[in-house]
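Down below is the structure, laid out as structure tokens.
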Amino acid sequence: MREDAATLEILASVAGVDDQFLRRTALDVIRRHRHGRELSAVVLSALGDPSEYVVRTACEVVEQWRLLEAHNLLLPLLANVDAATRQSAIRALGAIWVDADFPLVFRIYEEDFSTDVRREAAWVLRQHVTAACSRTLFDAFSADELARHRLWACEFAENFSGPEILPLLSRLCSDPDGHVRKAAGRATKVIASR
């Protein structure tokens with residue numbers, strides 16, 4: 001790949017052509033280009049592209065580059081009609097997270113009709129759990145049908161909770177999933193020993 005200014009000009013030009021697949025490819029090359037960050041404005045603009053393929057690729061660039069300037073441009077994508085685009089936007093938002101994102105992503109976890117989108121939201125919430133939101137996440141995840149989420153609830157309890165959570169953890173000590181039972185038992189021992 002050529003690394004000169006002329007290449008960047010060509011990439012910026014291709015990112016604006018009519019063909020959505022060429023625009024998407026241009027973004028992908030920009031992401032990998034050593035000086036691609038010089039075209040951050042092209043990436044930000046692509047978040048509003050009419051093609052979902054282009055938008056999702058722009059989200060991937062935001063995620064990889066941790067492009068903070070994209071934060072407010074990602075927020076409308078959380079309500080996009082296309083589930084794959086919502087999922088990409090959540091993943092990108094997770095890379096440039098601010099604490100104010102918690103209610104938005106938690107609402108998606110609770111309400112989105114797509115299982116994949118809800119699971120992506122859960123993953124991002126887990127990555128950004130704090131003491132302030134740990135109880136909310138424990139309450140939601142401990143009742144989740146997915147065993148992995150119940151296991152994460154045990155981790156939240158172990159890391160952030162006090163003895164008041166022990167009665168709720170006792171329910172998870174008899175969970176149908178062995179990994180959840182083990183995590184609940186470990187969390188119970190850690191909390192009881194504090």
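Please treat every number below as a calculation from the coordinates, not as lab data. Just so it is clear, the structure is predicted and the values come from calculations on it, not from any experiment. Reconstructed Cβ throughout: ideal geometry from the backbone, glycine too, with neighbour counts over all protein chains shown.
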(request) Mind counting the residues in the stretch 46-68 that are surrounded by fewer than 16 Cβ atoms within 10 Å (Cβ to Cβ) and within 23 Å of Asp4 (Cβ to Cβ)? (result) 1
(message) Please count how many residues of the stretch 122-150 are in a helix (DSSP H, G or I), among the aliphatic types (A, V, I, L, M) and within 18 Å of the chain's Cα centre (by Cα).
(response) 5
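Which one is nearest to the chain's Cα centre (by Cα), of the residues in the stretch 98-118 that are closer than 21 Å to Arg148 by Cβ and surrounded by fewer than 17 Cβ atoms within 10 Å (Cβ to Cβ)? Even if it seems obvious, please write down each step before you answer.
Initially, the stretch 98-118 is screened for residues closer than 21 Å to Arg148 by Cβ, giving 102, 105-118.
From the residues that got through so far, the ones that are surrounded by fewer than 17 Cβ atoms within 10 Å (Cβ to Cβ) too are 107, 110-111, 113-116.
Working: Arg107: 13, Glu110: 15, Glu111: 16, Phe113: 17, Ser114: 15, Thr115: 14, Asp116: 11 Å.
The residue in question is Asp116.
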(message) Go through the stretch 29-44 and report how many residues are surrounded by 15 or more Cβ atoms within 10 Å (Cβ to Cβ) and either of a type in the set (Asp, Glu) or part of a helix (DSSP H, G or I) (or both).
(response) 9
(message) Checking Ala131 against (1) out of contact with any Phe, Trp or Tyr (no Cβ under 6 Å at 6 or more places or on another chain); (2) surrounded by fewer than 22 Cβ atoms within 10 Å (Cβ to Cβ); (3) among the aliphatic types (A, V, I, L, M): exactly one of these is not met. Which one?
(response) (1)
